[in-house]
1. Could you check region 353-370 and list, in sequence order, the residues that are closer than 20 Å to ALA124 by Cβ and not aliphatic (A, V, I, L, M)?
2. I'd like to check something: does region 420-428 contain any residue that is modelled with pLDDT of 90 or more, crowded, with 23+ Cβ neighbours inside 10 Å and either among the basic types (Lys, Arg) or under 30 Å from PRO341 (Cβ atoms) (or both)?
3. Could you please let me know if LEU373 is under 19 Å from VAL513 (Cα atoms) and under 32 Å from the mean Cα position of the chain (by Cα)?
4. Among (1) within 24 Å of the chain's Cα centre (by Cα); (2) modelled with pLDDT under 75, there is one condition VAL225 misses while meeting the rest; what is its number?
5. With a cut-off of at least 3 residues that are more than 26 Å from VAL396 (Cβ to Cβ) and at pLDDT 85 or above, name the strands (runs of 3 or more DSSP E) lying wholly within region 451-567.
6. Residues to consider are LEU216, LEU212; find the one that is crowded, with 18+ Cβ neighbours inside 10 Å, assigned by TED's automatic domain parsing to the domain that holds ARG326, at pLDDT 75 or above and in contact with a helix residue (DSSP H, G or I) (Cβ under 8 Å, 6 or more places away or on another chain).
7. Could you list, in sequence order, all residues of region 488-510 that are in contact with a strand residue (DSSP E or B) (Cβ under 9 Å, 6 or more places away or on another chain) and of a type in the set (A, V, I, L, M)?
8. Do we find a residue being in contact (Cβ under 8 Å) with a residue 40 or more places away in the chain, surrounded by 22 or more Cβ atoms within 10 Å (Cβ to Cβ) and not aliphatic (A, V, I, L, M) anywhere in region 434-446?
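The values are calculated or read from the model by the stated rules, or taken from the named source; none is laboratory data. Computed from a prediction, not measured in an experiment: that's the story for all the values here. Reconstructed Cβ throughout: ideal geometry from the backbone, glycine too, with neighbour counts over all protein chains shown.
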Amino acid sequence: MLKLLKKYIDSLDPRKGESGEEFIRLTRYFRPYMPQVLLALACALMVSGTSAATAYLLQPVMDRIFDQKDWTFLKLLPWIVIILFGAKGIFRFLQNYVLRAAGEKVIRHIRGELYRHYQYLDVAYFTNTNVGVMMSRITNDVNVMQRAVPTLVSLFREPVTMIGLACVAFYQFWQMALIILVLFPLTAVPLAQLGRRVRKWVRRGQERMGELNSILKETFSGERVIKVFGMEEYEIGRFEKENNNLFRANVKTLVYEELSSPVIEALGALGAAVAIVYGGSMVLRGSITTGEFFSFVGALGLMYEPLKKVNKMYQAFQAAIGAAGRVFEVLNTKPEITDRPDAVDLDGVRGEVRFDNVRFRYFDGGPHVLDGLDFKVNVGQLIAFVGSSGAGKTTVANLIPRFWDVTEGAIRIDGRDIRDFTLTSLRRHIGMVTQDTFLFNDTVLANIAYGDGDADKNRAMRAAKDANAHQFIERLPSGYETTIGELGVKLSGGQRQRLAIARAIYKNAPILVLDEATSALDAESEREVQLALERLLVGRTSFVIAHRLSTIQRADRILVLRDGRVVEDGRHDELIVHDGEYARLYRIQFDDGREG
């Protein structure tokens, strides 16, 4: 049955089978709920049977009551009507409830699968994809699919109802039914054309909604920047432009959806006119009885409502397929950074790290951001990277936890390629503190113990003390149970940074990466954070990406990068005496007796 539906959908679809494939893929999510689907189908058969019986009942009503004056049948008729419509109501409720409940479970599953898939996509995907578009996929697109779930009821019931009524029509007046059957396919052509346009404009509307979400996220997050530059009207104009684009797409969808009903009504009126003229002439000639004629007309009349519902189903189905296509695009995206088939867990880490002739570029054909990095970091050593913007410092930090993979060469931990280890175990042994501290809209305790399913408050307090954060946490309204707001908005920059350091201390990873962890702080906050960092660095193999050179003077080694290469390597004093690139950068920062 699904294959036949796919062929039919493909025949109406200019995208060479994509729509049918998406439909088949969507139906696979219903497989775990086949008992409910079969029960709903059985109920649909019963509902369809009652509709056909109602149409058939018109013949004995006209012939036996109005023509033959059958009082016995007249007394029996109310009970028949009550039983028919009572059964129809019960079975309709059961079908709707069972199938829609199954459909809601399917939508819940798809939404969960999509979110889970997002979590395991590469950092590169999030770098290259607009956040608003990603949000739109998981909210708006899935919601469009969710609104289409009720159409599954029509998908099962209405065609069966139409078949039952067609059988009654053929039984009562097969000649006329044959004529109507020939006229009926005329409705399929315009409806198919309209359906394709509905899918096209729904898809375009979802794209516009994604862009609108992006603008909302940017403007709500950057509200202070907007105000200080007086850009309110500019942002309003940007929003209005995208809002109008969304409006036009939605209006187009509305036009094509609503055009279908007049088309059906016009063709229905044509069929009814033919039936009345031809059928009426047959009654007058005595070829059929009045009851047979009214039973036939009743069957045709009762088919009109299912036909309208099938049309609505088709339009909603096209919208759902358009949304499903966007969802499946994400689900079809495969992460490039994955575990090798023979990957093992990383255990017993000592902390020796080696960059073995590493070359890296962000995309094929692009320039090498790192070009032949070759150095070894001994266990417990603190190594710092300095260089001008674009030298490759942050790229080094991103390669260690495999946010990207090296293009050539290898990064080794304790002598083994990090690609030999599972991602989960590798990242479990790496702590990171960055300039752009990310905190969750949760409690202080939850943020410090992030990653630990069973947060240990005493351990979190010890970490906070080591990070010079305990005192300010205690002054918060609810201490460690205080919710700090989105991105930690209720805290100062220095407080957020110390919480991030406390989180790294709590994790207690043997390898640590600090990416410009103090560059955005004022002098007083920097002193507090620097003291916390000194405690964090003890006993760990540490990589520090530094902008302020005063923070790395005690590093065991300083590597100076330029154009992705190491141009100098040594301690602070050695590099100053050498009077090369490092000394030049140092003098720039300390001109006029102060840091730049």
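1. Passing the criteria: ARG359, PHE360, ARG361, TYR362, PHE363, ASP364, GLY365, GLY366, PRO367, HIS368.
2. yes
3. Taking the combined requirement at face value, the residue does not satisfy it.
4. Of (1) within 24 Å of the chain's Cα centre (by Cα); (2) modelled with pLDDT under 75, only one is false for VAL225: (1).
5. none
6. LEU212
7. Matches in region 488-510: ALA500, ILE501, ALA504, ILE505, ALA509.
8. no
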